[in-house]
1. For LYS129, list the aspartates and glutamates whose Cα falls under 13 Å from its own Cα; do not include residues on the same chain fewer than 8 positions away.
2. Determine, for each peptide in 46-53, 203-210, 242-249, the mean count of other beta carbons within 10 angstrom over its residues, then list the peptides with the highest first.
3. Largest first and to the nearest Å, give the Cα extent of the stretch 172-255 along each principal axis.
4. Sorted by mean Cβ packing within 10 Å, highest first, what order do the peptides 60-72, 110-122 take?
5. For the stretch 209-275 and the stretch 118-195, what is the centre-to-centre distance using only Cα atoms, to the nearest Å?
6. Rounded to a whole number, what is D in µm²/s for the stretch 40-273 from Stokes-Einstein with the Kirkwood radius over alpha-carbon pairs (4 °C, 1.567 mPa s)?
7. Straight-line reach only, C-alpha to C-alpha below 18 angstrom: list the lysines that LYS48 could link to, leaving out same-chain residues fewer than 8 apart.
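None of the figures in this text is laboratory data; all of them are computed from the coordinates on show. Quick caveat: nothing in here was measured; it's all calculated off a predicted structure. Here the Cβ positions follow ideal geometry from the backbone for every residue, glycine too, while neighbour counts run over all protein chains shown.
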Amino acid sequence: MRLPRLAVTAVTAALLSAGPALALAPAALAATPTATASSAAVSLPHAKNFRDIGGYETADGHHVRTGLVYRSGKLSDLDANEQRTLTSLGITRDVDLRNAAERAEDPDALPAGVTYQVADVLSLAYGVKFHEDAAATLALALAAGLFSGSGDLGQSIGYPFMVNFVGADHAFHDTLLAVAHEPGALVYHCTAGKDRTGWTTAVLLTLLGVPRSTVEADFLASNTYTGNPDAVELSWLKAAFAEADKIYGSFDGYVRNGLGLTEADIATLKAKLLV
């Protein structure tokens, strides 16, 4: 049974009305040289769900800088003009969250000067290891076809899997460190830009202090950007946060003990992305 959609708030209304040229930074933020509303100029017809994660207000009154971190669906179909757009946005790193089969079938089409990094959420490089209920989780993952690339992470097991699976921990750890230390702007993506990318964004925004209701609204915006009103369900995101609480006791415990981020890593992320 599906949960009802998130009630429309001011943030949700902004997300759903903005269209592909999403710009959430308030006027005061947009006037700041290091936090310009660059997302307003983004147009990538061949990269669904491409958007700036910035512009959101945190619980303590800061704002997430725009023009530094982008999220997207697959980047394999970018034409020459779209590749030039990536360059104009100052993007110097592309983090690919997809598995080997997906990457082989649809390799990224990137302009010169963009460093390509793999952070495979389904990687078996660290073994088939889970934090708990290993046999049951593995059986569900195999049945869903997650490791083969034929499965859809947007289902009841997919989101807890991303918290429980050790390979995913390494992928999200590497992605967040790339965000923290990349000198230029960065984009991370999976195939549709809604599941693996959606959880990455939820983790990053939550870590930065963005309220949960705003994180949920950003997550649900994939239903608009993908053109599929059923692309994601709020219950999936809540299942991942619940799994983090179950295994680690809290979201902070997940970030520190699951993803292995240090206090210095978190401080670097906040110093870079908050204004």
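1. The reachable aspartates and glutamates, counting only those whose Cα sits under 13 Å from LYS129, are ASP169.
2. Numbers: 46-53: 24.2, 203-210: 21.6, 242-249: 16.6.
Packing proxy ranking, top to bottom: 46-53, 203-210, 242-249.
3. Result, largest extent first: 35, 33, 21 Å.
4. On the way: 60-72: 21.1, 110-122: 16.9.
My ranking of the peptides, most packed first, is 60-72, 110-122.
5. Taking the Cα centre of the stretch 118-195 as reference, the centre of the stretch 209-275 is 14 Å away.
6. Numbers: Rh = 17.7 Å.
Taking Rh from Cα pairs, D becomes 73 µm²/s.
7. Qualifying lysines at Cα under 18 Å: LYS74, LYS194.
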